[in-house]
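Shown next, in structure tokens, is the structure this report addresses.
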Amino acid sequence: MQQPATQSQDQSLDEFWMPFTANRQFKSRPRMLESAEGMFYTDVEGRQIIDGTSGLWCCNAGHGRKEIAEAVSKQIVKMDFAPTFQMGHPLPFQLAERLVEIAPKGLDRVFFTNSGSESVDTALKIALAYQRARGEGTRTRLIGRELGYHGVGFGGISVGGMVNNRKAFGVQLPGVDHLPHTLDLERNAFTRGLPKHGAELADHLEKLVTLHGAENIAAVIVEPMSGSAGVILPPVGYLKRLREITAKHGILLIFDEVITGYGRVGAPFASQRWEVTPDIMTTAKGLTNGAIPMGAVFVSEQIQQAFMHGPKGLIEFFHGYTYSGHPVAAAAALATLDIYARDGLLTRAQELEIYWQEGLHSLKGMHHVIDIRNTGLVGAVHLASREGEPGARGYEVFEACYWDGLMVRCTGDIIAMSPPLIVEKSHIDRMINILGDVIRRTP
């Protein structure tokens, strides 16, 4: 194992309050990245680290893409910023048209944001305002799912089901309920692809309809695949059952595809791979390959048209962001879509899915490994927790992988991987070998 990098003595680490990080732990042994190209990061000591996580689920086309850098550079010189409040510029209109071309059929209107969190809060606002616009203003209740992650806005943490993301803040949206999660180690451990058991969990929505009344429920929001909670996959038939129930009761179905969007599971969007079209879809991350912050919310024309009433001079939807449709972000996104199209990256995960699956499942039988889950180019190795130390083993594996040259994610004792879609079989072999070696020597 290589020795960890040492932090330069003249670099203070005190001022930056790092997000979603154990700051004191990190700063006692920092992991500092300096550059990136293709499948690899290079740290401040020159160590190469293969990217097993696409940055943070976002660099789907790999790192250092010159086409994106050139598009950003050209645009920032031409026009660095333009407002989209009562003004316009061509790029977001071009981008929206391009996005609709790859979106699920029927989702043909796009509202731009700056992140996944903003996309979720936007989607929730659209859902609530839509129900009111069509004369069903009693529909104010929102339903999320246990272990769901929907960003860090107050809307997102309210419908989300990861308790640590909200318990410190005390306040959340009223009128929110949750479906049960679909993680079932007893019946589905070591499933290859989507698990066979658990579609009936969608029927819990009928119980919530009985409890609250359909006339009071605006929307249900779920991730097609829960990423941040540790790659929790939808059982076969589960998403279709949710679609059937929501449609029956006039409840909007929102898919949070911030992680699954732009090729992660083998189609442009998970809704296409699993043949279920929601009413609203949130995206971000892979939209610009992580180069510039940007998100996009897709809705149907029918939903948008519900707002288009009253005087033409009336603002139909009192919502937006200073940087909605930012010209530099839009330029980055257009260049990213060009790469995805030219290199066939939006479907490449299906081509490599079986090889990726076999590599991950080769770790079955190792000490502490209690489950392995995979779909497309995403996977998780679930480790047994130490008694009285939940998350400790997962963190040790995560950290040791880094020093051995592999970046992974850990959620408690779950190790998650989602490599860039440019990954080759040799890269997969390297990632599995490093992870396997680390797990073997981790007590």
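A short reminder: the numbers here are calculations on the coordinates, not readings from a lab. Remember, predicted model here, so these are calculated numbers, not experimental data. Every residue, glycine as well, gets a Cβ built from its backbone with ideal geometry; the counts of neighbours run over all protein chains shown.
Structure above, values below:
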read-out: Magnitude of the charge dipole, segment 1-112, Cβ model with Lys/Arg +1 and Asp/Glu -1, debye to 20; value: 260 debye
read-out: DSSP beta bridge pairing in the chain, given as percent antiparallel to the nearest 5; value: 65 percent
read-out: Unit charges on C-beta of K, R, D, E only; dipole of the chain, Debye; value: 500 debye
read-out: Net lengthening on full extension, ALA341/GLU387 (0.36 nm per residue, minus Cα-Cα); value: 11.7 nm
read-out: Mean Cα-pair separation over length for segment 59-201, i.e. relative contact order, pairs under 8 Å, 6 or more apart, %; value: 14 percent
read-out: Charge tally in the Cβ shell below 12 Å around THR53, where Lys, Arg are +1 and Asp, Glu are -1, THR53 excluded; value: +2
read-out: Protection proxy ranking, peptides 392-398, 59-65, average beta carbon neighbours within 10 Å, highest first; value: 59-65, 392-398
read-out: Cleavage-rule hits, trypsin sites (Lys or Arg not before Pro), segment 146-253, DSSP coil, Cβ neighbours within 10 Å at most 14; value: LYS167, LYS196
read-out: C-alpha center-to-center spacing [segment 98-127, segment 326-383] in angstrom; value: 22 Å
read-out: Sites GLU37 and LYS312, calculated FRET efficiency, Cβ-Cβ separation with R0 41 Å, nearest 0.05; value: 0.20
read-out: Förster radius 41 Å - calculated FRET efficiency between GLN350 and ARG440, Cβ distance, rounded to 0.05; value: 0.85
read-out: Set of lysines near LYS105 by C-alpha distance (under 19 Å), chain-local residues within fewer than 8 positions excluded; value: LYS240
read-out: Computed E for ASP429/LYS66 - FRET, C-beta separation, R0 30 angstrom, nearest 0.05; value: 0.65
read-out: Theoretical gain in end-to-end length, GLU101 to PHE169 [0.36 nm per residue, Cα-Cα removed]; value: 20.4 nm
read-out: Principal-axis tilt of helix 116-133 within the chain, Cα atoms, nearest 10 degrees; value: 20 degrees
read-out: Expected 222 nm ellipticity per residue - DSSP helices of 4 or more, -39500 (n - 2.57), all of the chain, to 500; value: -10500 deg cm²/dmol
read-out: GNM result for the chain, Cα springs below 10 Å: residue of PHE317, PHE81, PHE40 fluctuating most strongly; value: PHE317
read-out: Mean separation of Cα contacts under 8 Å, 6 or more apart, over the residue count of the chain: relative contact order %; value: 22 percent
read-out: Set of aspartates and glutamates near LYS425 by C-alpha distance (under 13 Å), chain-local residues within fewer than 8 positions excluded; value: GLU351, GLU353, GLU358
read-out: Extension gain from PHE16 to GLU45, taking 0.36 nm per residue of separation minus the Cα-Cα distance; value: 8.4 nm
